[in-house]
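The values are calculated or read from the model by the stated rules, or taken from the named source; none is laboratory data. Worth saying up front: this structure is predicted, and the values here are computed from it rather than measured. When we count neighbours, we look across all protein chains shown, and the Cβ atoms used for this are built from the backbone with ideal geometry, even at glycine. When the accessible area is computed, the model is the full protein with side chains, heavy atoms only, and any ligands, DNA or RNA have been set aside. Shrake-Rupley method; radii C 1.70, N 1.55, O 1.52, S 1.80 Å.
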Amino acid sequence: MNADATPQALDIVIFGGTGDLAFRKLLPALYMAHLHDRLPASTRIVGIGRQAWGRDAYLRFIEEKSVEFIESEAWSQADWQRFMARLDYVDLDVTQAAAYGKLQQALSPDALRVFYLATAPDLFAQICAQLHVIGLVDDHARVVVEKPLGTDLASARAINAEIARYFREDQIYRIDHYLGKETVQNLMVLRFGNAIFEPLWRAPSIRGVQITVAEAVGVGSRAGFYDGAGALRDMVQNHLLQLLCIVAMEPPISLNPDDVRDEKLKVLRSLRTMDLADIKRDTVRGQYSAGVSEGAAVPGYLQEADVPAHSQTETFVALRAHIDNARWANVPFFLRTGKRLQKRQSEIIIEFTEQPFSIFGKSPSLQPNRLIISLQPEESIQLAMMVKEPGSGMNLHPVRLSLDLQETSSKRRADAYERLLMDVIKGRLTHFMRRDELEAAWRWIDPILAGWQTLDEKPRHYAAGSWGPAASSALMARENLTWFEES
Ligand code: NAP
């Protein structure tokens, strides 16, 4: 099937069809695509799980779980019923080879088959192998794999190698939903579609870059997985490094998937590997203790369900990264992510160099120009500039130019999962990670993990509801910078 072509018939098979990701994100996204007529008419969606349910029981489960995650204005009983007519369920323990026959019977032989692997990654190899055995992996098959793909470079390589035994690289969609966000995609247009930014998008015009992905929630029911991972593996290895790549990459020669991914790979390969001294100086590990989050008293990480009493897992990371190339020499990239932070907020801040000389003296209002790219909870791109306050005198006043179409366009903004699922259906790989990219990201992360062990770097405690350990602010202060935190 040609890339960028909408197939006539489509079977989407969700392994992990009863799981949190499926009912909270994937099925609501597919409902929206259905509602807006974006799915081929003969699309079917097959959920897979181990519960010995029939189709009706699955439909009841999905209705109970998914509807609250669909915008209320978009939901109607009639549309939901039409959407549900596309759904089916196959009970199948993926570790049991004999059970796969049921799946084969449930699928149409001529349809494009999208296999979405929303299970723990240690099941991916078995699933791919069995799909191959029953003859479902051919030119009409695509596979989508969720993060985290591995826990280090060696395990990521092993999983990639297993998947590659059955699927060609151009059939593998490694998803990072941050790449599906409108604003992240818009950042590429802003950078490469406007002549004014390119000359400034480098050292020394840029003073520093901050990338924050802050969550207000705690570990919730994910401790079983999370405690073995921690924030560096769960968030930095994928989401934050992908955002860094979009900010830092050179202009690709085209929007073809490999051209874009080649440029992202170069950025990952230009990240300076940290030695022990760098790790000690430039990374901060944290773990939340009890505090007040969004007005309510909340327990510390160690008091959360299923967290081992003496866990040293980090729920917060801040670090300074160096990109060793001509564009970014000496420009600090600060990355920060954590749970139970003051609020849910994901943003990229590009801070431009200050005026070398101010004819306005030391006006307290004089602020550096910043490009503020907000990804969560709302998406927006704003350029902070100085203007004259109206009236007599030359008083300075900061203003924000809005650089996206949120308010002026009536066009619907699809959510990241809907956008990326449609890319999979249409065979567009640009916003998915290639194997070498993913491995390069782990190659940079592994020494940090090992260094923390060697240095016996214990997480510093921070109160739930704060912005993380004080050492995170100190990391910025060394560069005379501060984290951009708007109340
Ligand atoms: P989850 O709620 O624990 O769901 C796991 C799913 O896997 C369930 O549907 C479970 O089905 C199925 N499963 C487990 N063992 C199976 C087996 N032997 N045979 C068949 N099905 C089996 O996990 P999740 O939160 O949805 O996450 C799924 C994957 O996506 C994980 O790798 C996670 O890291 C990744 N992810 C999740 C999110 C998120 O927001 N949740 C975001 C990004 C990435 P039954 O128990 O019904 O059999």
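Give all pairs with beta carbons closer than 8 Å in which a residue from the range 23-47 that is more than 16 Å from the ligand (Cβ to nearest atom) and outside any helix (DSSP H, G or I) meets a residue that is β-branched (Val, Ile, Thr) and open to solvent by 50 Å² or more (accessible area, probe 1.4 Å); count only pairs at least 6 apart in sequence or on separate chains.
Matching pairs, first to second residue: Pro40/Thr6.
Any idea which residue in the range 318-348 is farthest from Ala384 (Cα to Cα), counting only those that are polar (S, T, N, Q) and buried (at least 22 other Cβ atoms within 10 Å of the Cβ)?
My answer is Thr337.
Given (1) assigned by TED's automatic domain parsing to the domain that holds Ile373; (2) open to solvent by 20 Å² or more (accessible area, probe 1.4 Å); (3) acidic (Asp, Glu); (4) over 20 Å from the mean Cα position of the chain (by Cα), where does Asp282 come up short, assuming only one miss?
For Asp282, the exception is condition (2).
Free of Cβ contacts under 8 Å to residues at least 12 places away in the same chain and within 30 Å of Glu379 (Cα to Cα): which single residue out of Gln77, Gln96, Gln105, Gln81 fits that description?
Result of the check over Gln77, Gln96, Gln105, Gln81: Gln77.
For the range 353-386, how many residues meet the condition of being in contact with a Leu (Cβ under 9 Å, 6 or more places away or on another chain), among the charged types (D, E, K, R) and surrounded by 16 or more Cβ atoms within 10 Å (Cβ to Cβ)?
1
Pull up the range 123-140, narrow it to residues that are within 14 Å of the ligand (Cβ to nearest atom) and touching a residue at least 40 places away in the same chain (Cβ under 8 Å), then point me to the one that is surrounded by the fewest Cβ atoms within 10 Å (Cβ to Cβ).
Here the residue is Leu123.
Looking at Val247, Val209, which is the one that is assigned to a helix (DSSP H, G or I) and more than 21 Å from Glu146 (Cβ to Cβ)?
Of the residues listed, the single one that is assigned to a helix (DSSP H, G or I) and more than 21 Å from Glu146 (Cβ to Cβ) is Val247.
More than 19 Å from Tyr173 (Cβ to Cβ), surrounded by 14 or more Cβ atoms within 10 Å (Cβ to Cβ), within 14 Å of the ligand (Cβ to nearest atom) and at pLDDT 95 or above, is that true of Tyr89?
yes
Filtering the range 141-154 down to residues that are touching a Pro at 6+ places or on another chain (Cβ under 8 Å) and not charged (D, E, K, R), which residue is nearest to the ligand (Cβ to nearest atom)?
Among residues in the range 141-154 that are touching a Pro at 6+ places or on another chain (Cβ under 8 Å) and not charged (D, E, K, R), the one nearest to the ligand (Cβ to nearest atom) is Pro148.
Can you find even one residue in the range 467-477 that is among the polar types (S, T, N, Q) and open to solvent by 80 Å² or more (accessible area, probe 1.4 Å)?
Taking every residue of the range 467-477 in turn, none turns out to be among the polar types (S, T, N, Q) and open to solvent by 80 Å² or more (accessible area, probe 1.4 Å).
Tell me, yes or no, whether the range 444-458 has at least one residue that is part of a loop (DSSP other than H, G, I, E, B) and surrounded by fewer than 16 Cβ atoms within 10 Å (Cβ to Cβ).
yes
Quick check: anything in the range 159-169 surrounded by 15 or more Cβ atoms within 10 Å (Cβ to Cβ), within 20 Å of Leu421 (Cα to Cα) and either of a type in the set (Val, Ile, Thr) or at pLDDT below 95 (or both)?
yes
So, in the range 297-329, exactly how many residues are more than 23 Å from Met476 (Cα to Cα) and acidic (Asp, Glu)?
The qualifying residues number 2.
Output the residues belonging to the range 181-202 that are surrounded by 15 or more Cβ atoms within 10 Å (Cβ to Cβ) and among the acidic types (Asp, Glu).
Of everything in the range 181-202, just one residue is surrounded by 15 or more Cβ atoms within 10 Å (Cβ to Cβ) and among the acidic types (Asp, Glu), namely Glu182.
Which one of these is of a type in the set (Val, Ile, Thr) and more than 17 Å from the chain's Cα centre (by Cα): Val213, Val209, Val247, Val217?
Residue meeting the stated conditions: Val209.
Kindly evaluate Ala120 against the criterion of being among the small types (Gly, Ala, Ser) and within 13 Å of the ligand (Cβ to nearest atom).
Considered against the rule, which asks whether it is among the small types (Gly, Ala, Ser) and within 13 Å of the ligand (Cβ to nearest atom), Ala120 comes out as yes.
Residues in the range 41-69 that are of a type in the set (A, V, I, L, M, F, W, C) and surrounded by fewer than 19 Cβ atoms within 10 Å (Cβ to Cβ): how many?
The qualifying residues number 8.
Got a sec? Which of Val260, Val236 is hydrophobic (A, V, I, L, M, F, W, C), part of a helix (DSSP H, G or I) and touching a Pro at 6+ places or on another chain (Cβ under 6 Å)?
It is Val260.
Which residues, taken from the range 102-112, are open to solvent by less than 40 Å² (accessible area, probe 1.4 Å) and within 15 Å of the ligand (Cβ to nearest atom)?
Result: Leu103, Ala106.
If Leu429 satisfies all but one of (1) open to solvent by 20 Å² or more (accessible area, probe 1.4 Å); (2) modelled with pLDDT of 90 or more, what's the number of the condition it fails?
Among (1) open to solvent by 20 Å² or more (accessible area, probe 1.4 Å); (2) modelled with pLDDT of 90 or more, Leu429 violates only (1).
Conditions first: (1) open to solvent by less than 30 Å² (accessible area, probe 1.4 Å); (2) at pLDDT 95 or above; (3) within 27 Å of the chain's Cα centre (by Cα). His36 passes all but one, so which condition is the exception?
The one condition His36 does not meet is (1).
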